[in-house]
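Below is a structure I'd like to ask you about.
Rule-based calculations on the coordinates, nothing more; no lab input. Everything numeric in this text was worked out from a predicted model, so none of it was measured. Every residue, glycine among them, receives a Cβ derived from its backbone with ideal geometry; neighbour counts consider all protein chains shown.
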Amino acid sequence: MSKKNMDWANIGFNYHVADLRYVSNYKDGKWDSGILTEDSRVVLSEDAGVLHYAQEVFEGLKAYETEDGHIVCFRPDLNAKRMVESAQRLEMPPFPEERFIEAVEQVVKANEDWVPPFGSGATLYIRPLMFATGNVIGVKPADEYQFRIFVTPVGPYFKGGAKPITVKISDFDRAAPHGTGNIKAGLNYAMSLHAIVTAHDEGFAENVYLDAQSRTYIEETGGANILFVDADGNLVVPKSFTDSILPSITRRSIVQVAKDYLGLKVDERPVKLEEVSNFKEMGLCGTAAVISPVGKINDHGKEICFESGMEEMGPVIKKLYDTLTGIQMGEIEAPEGWVHRIK
Ligand SMILES: *Cc1c(COP(=O)(O)O)cnc(C)c1O
């Protein structure tokens, strides 16, 4: 066994076919025992539920090597739990949480050579997913499902430092009030693709979505939660009163780091678009980038520029970023259970 010979710093966020993936199928009311397989393909019947009524949920987490040569991942218990909640919302049979964690461990160990070396900035991205394989024609939940986990190495999110981005206030909505915005389902992404392609064509990095009910409050971007820093240097975190923001594990971790490690006050509350110009810093958070700094919001031609500017991360966002990544990498002592050792 030896590491794959890859240009780790330059592999980008692309799919590379690793050696083995985990597959378990649900049939006759139960999940089978699951296997590791070399087969990266999924063969479906044309009447499979996922193809018609979009019964699919997924997760995303990363494994990486620490300085002392261990392979770890970050809070997989929260991914396991969130996937159960996502599945329940779409009437899919939940995959048991403890089996989810065991399956993550099995897949990562089986693809150990694909875990990028410490210090490369690259990580092994882990993608659990679950979808309806059983037949449907009439609208109803299927009765057969597949749970699968595959991995692929991904390059460092920020090459040559994290440059602040410009985002736009979108005229599209991401999630209906009391709809499915708070679960991690492919259906929330299908309808965001047109919005993101449009935003990119206009020269913006991301869309900021407002609450669909009043179009007054900030929700999140297509795939990341939002953080602000107020004039007193404290953290302000948008909260949805219509339950339509995805519960990001990175965001929940940052909130705890802000309070317990940095002694910041954290205000989790509905945040109006009109008050955003009072804030000093803004960031987007999620597993992929941890935190991406935002320098500017474009609201229908009107620019809201943050004091932190377009050159570097603001000081508070940077401290949060450095502390959380330090915890993940084992340089700063982690709260109990945050860094999960696989090997
Ligand atoms: C996955 C996701 C996030 C980020 O969640 P993490 O658990 O931090 O990776 C944020 N918003 C949406 C819509 C997502 O799908």
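Under 12 Å from a point placed 7 Å out from the Cα of Glu336 along the Cα-to-Cβ direction: which residues of the stretch 73-115 have their backbone N that close?
none
Bins of 10 Å, beginning at zero and ending with the bin holding the largest distance: percent of Cα pairs per bin for the stretch 91-165, please.
Whole-percent P(r) values from 0 Å outward: 16, 32, 25, 19, 7, 0.
Here's a follow-up. Based on alpha-carbon atoms only, what is the radius of gyration of the stretch 221-266 relative to the globular estimate 2.2 N^0.38 Å? Show your work: numbers first, answer last.
On the way: Rg = 11.1 Å, N = 46, 2.2 N^0.38 = 9.4 Å.
Compactness ratio reported: 1.18.
OK, next. Consider just the alpha-carbon atoms of the stretch 165-328 and return their Rg together with their Dmax, both in angstrom.
When restricted to Cα atoms, the stretch 165-328 yields Rg and Dmax of 14.7, 41 Å.
Percentage of Cα-Cα pair distances in the chain greater than 31 Å, rounded to whole percent?
35
I would also like to ask the following. Taking the chain as a Gaussian network, Cα atoms linked when under 10 Å apart, which of Gly60, Gly29, Gly179 shows the biggest mean-square fluctuation?
Looking only at Gly60, Gly29, Gly179, the biggest GNM fluctuation is shown by Gly29.
Once the convex hull of the alpha carbons of the stretch 8-154 is built, what does its volume come to per residue, in cubic angstrom?
105
For Ala110 and Ala190, calculate 0.36 nm times their separation in residues minus their Cα-Cα distance, and state this gained length in nm to one decimal.
Stretched out fully, the Ala110 to Ala190 stretch lengthens by 25.7 nm.
Would you calculate the separation in nanometres between label points at Lys163 and Lys81, each defined as 7 Å from the Cα along the Cα-to-beta-carbon direction?
With each label placed 7 Å out from Cα toward Cβ, I get 3.9 nm.
Assuming R0 = 51 Å, can you tell me the calculated FRET efficiency for the pair Asp201 and Ser40, based on Cβ-Cβ distance, to the nearest 0.05?
It comes to 0.95.
Distance between Cα centroids, the stretch 215-239 to the stretch 122-136: provide it in whole Å.
Their Cα centres are 29 Å away from one another.
Charges at C-beta only: +1 for Lys and Arg, -1 for Asp and Glu. How large is the resulting dipole of the chain about its Cα centre, in Debye rounded to 20?
Computed about the Cα centre, the dipole is about 60 debye.
Give me P(r) over the stretch 116-203, computed from all C-alpha to C-alpha distances, binned every 10 Å, as integer percentages.
Each 10 Å bin holds this share of Cα pairs: 12, 24, 36, 21, 6, 0.
Here is a follow-up. With charges only on Cβ, +1 for K and R and -1 for D and E, what is the dipole size of the stretch 250-322 about its Cα centre, in debye, rounded to 20?
Numbers: 11 positive and 12 negative charges, 53 e Å.
In debye, rounded to 20, the stretch 250-322 gives about 260.
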